[in-house]
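Right, one structure below, let's go through it.
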Amino acid sequence: MKIGIVCYPTFGGSGVVATELGKGLADRGHQVHFVTYNQPARLDLFSENLFYHEVAVSNYPLFDFPPYELALASRLVDVVRFEKLDVLHVHYAIPHASAAFMAQQILLTYGINIPFITTLHGTDITLVGQDRTYKPVVTFSINKSNGVTAVSAHLRDDTYKYFKIEKDIKVIPNFIDLTRFSLKPKDHFKKAIAPNGEKVLVHTSNFRKVKRTEDVVKIFAEVVKTIPAKLLMVGDGGERSICEQLGRDLGISEHIRFLGKQDAIEEILSVSDLFLMPSVSESFGLAALEAMACKVPVISSNAGGLPELNVEGVTGFLRDVGDVAGMAERAIYILEDEERLNQFKENALARAKEFELSNILPEYENYYKEVIEKSKQEQG
Ligand code: GMT
């Protein structure tokens, strides 16, 4: 198949999923065309089946807000026509689904009928999508999609709850490439981070409010009272400086390292003993899956789709959003007993294996075929 993928090229979960999916599809012989405003962060390899088409946005002085959606639609028209794509797959509804719909309508005037699939990732539904400024467009473009997927059953149900959706939404969870995300021998790094054998807790995110990163610091503050430990904070965003200040205020900053944005996340996870994800909402929790693949158990909130990934008492524990004391108590429970910790680590990996790329990718392939076939039939 010839597949066009639209996504945010940044470090966000939807962009990561879209890029890893495209790479996986290219490995299986499909031709994959990324259409976005920057080279996706994880599109870091050469393959004869991978293509990248940049969307250039005109900076005409009249525009206070350059119309990215129009530029994207125009670029999609161009790429579909000249690369003869079979299907478009857009990740994150805003503004990708409406741009794909516009491109689809324009392409009809050229006698080309291309179906498009929208994958809902989370905040496009739970946060931004519900903003009155976007809701009618989000609803319309989901309903006009030829196929719709959501990354968890919870996100699918939320979409039905908050929007008037007439389409079937297929759940296809996030996935993990275990050849990349696995425990790496990084003893020298572990020694540098935790020279006295301290336990290493870790959090990776884009430090937005939805991640409740302050809770991460507060949980750690409780843990370090009982267990010698270090905290690695990976990523960057608006809440980072607040967390740095909180660490200082709580007198624990010497035990916390802010590492900023990192490419080799799997190396950091490889020296970690426990992952913290206290998010207020999380449609799936890809960062937690990446941790589990590197044998790191998870203490998380029970928000959104997290219970579909993190299994209570097996791969970690889940507590209500904001229950810092409960999360800290469960973190100590896992970390205080070496044998117990090792069992949780094994369980985390076993669970991650269920989301192996090779298990999930065929679900997307089959769905593409189904949607293409259906669209051909509808066309007559
Ligand atoms: O909100 C983010 O963390 C980024 C966001 C995105 O769409 O880029 O991530 C969402 O999509 C990921 C991939 O499907 C999911 O694993 C994350 O749980 C989800 N984030 C939230 O729902 C907050």
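Derivation of every value follows stated rules applied to the coordinates shown; laboratory data play no part. All figures in this text were calculated on a predicted structure; none of them were measured in a lab. Every residue, glycine among them, receives a Cβ derived from its backbone with ideal geometry; neighbour counts consider all protein chains shown.
Exceedance of the 22 Å cut-off in Cα-Cα distance is limited, within the set 84/170; 190/211; 23/144; 199/295; 135/164, to 84/170; 190/211; 23/144.
Taken about its Cα centre, the chain carries a charge dipole of about 420 debye when Lys and Arg each add +1 at the Cβ and Asp and Glu each add -1 at the Cβ. Counting neighbouring Cβ atoms within 10 Å and putting the fewest first, the residues 243, 294 line up as 243, 294. Ordered by the count of other Cβ atoms within 10 Å of each Cβ, fewest first, 33, 188, 121 give 188, 33, 121. Extending 7 Å from Cα along the Cβ direction at residue 338 and again at residue 227 yields two label points whose distance is 1.4 nm. Each of 197, 182, 162 was placed along the dipole of region 153-202 (beta-carbon charges, centred on the mean Cα), and the one lying farthest toward the positive end is 197. How high is the FRET efficiency from residue 47 to residue 264, r the C-beta distance, R0 22 Å, rounded to 0.05? Result of the calculation: an efficiency of 0.60.
Centre-to-centre, using Cα atoms only, region 192-264 and region 319-380 are separated by 24 Å.
Inter-label distance, residue 83 to residue 110: 1.3 nm, where each label sits 7 Å from its Cα along the C-beta direction. The distance from the alpha carbon centre of region 108-166 to that of region 1-43 is 19 Å, rounded to a whole number. The stretch between residue 153 and residue 178, if pulled fully straight at 0.36 nm per residue, gains 6.7 nm over its current Cα-Cα span. Amide H to amide H distances under 5 Å link residue 170 with 148, 149, 150, where only residues 5 or more positions off or on other chains count and H is placed in the peptide plane. Using the rule -39500 (n - 2.57) for each DSSP H run of four or more residues, divided by the residues of the chain, the 222 nm mean residue ellipticity is -13500 deg cm²/dmol. Amide H contacts for residue 229 (H built 1.01 Å from N in the peptide plane; partners 5 or more residues away or on another chain; cut-off under 5 Å): 199. Taking Cβ atoms as reference points and 11 Å as the exclusive limit, the residues near residue 95 contribute a net charge of -2, counting Lys and Arg as +1 and Asp and Glu as -1.
With θ taken as phi - 60° and the Karplus curve 6.51 cos²θ - 1.76 cosθ + 1.60 applied, the whole-hertz 3J(HN,Hα) list for region 168-177 is 6, 10, 8, 8, 10, x, 4, 9, 9, 8 Hz, x standing for glycine and proline. Between residue 319 and 300, 301, 302, the built amide H atoms are under 5 Å apart, and every one of these is 5 or more places off in sequence or on another chain. Mean-square fluctuations from a GNM of the chain, with a 10 angstrom spring cutoff on Cα atoms, peak among 353, 191, 261 at 191.
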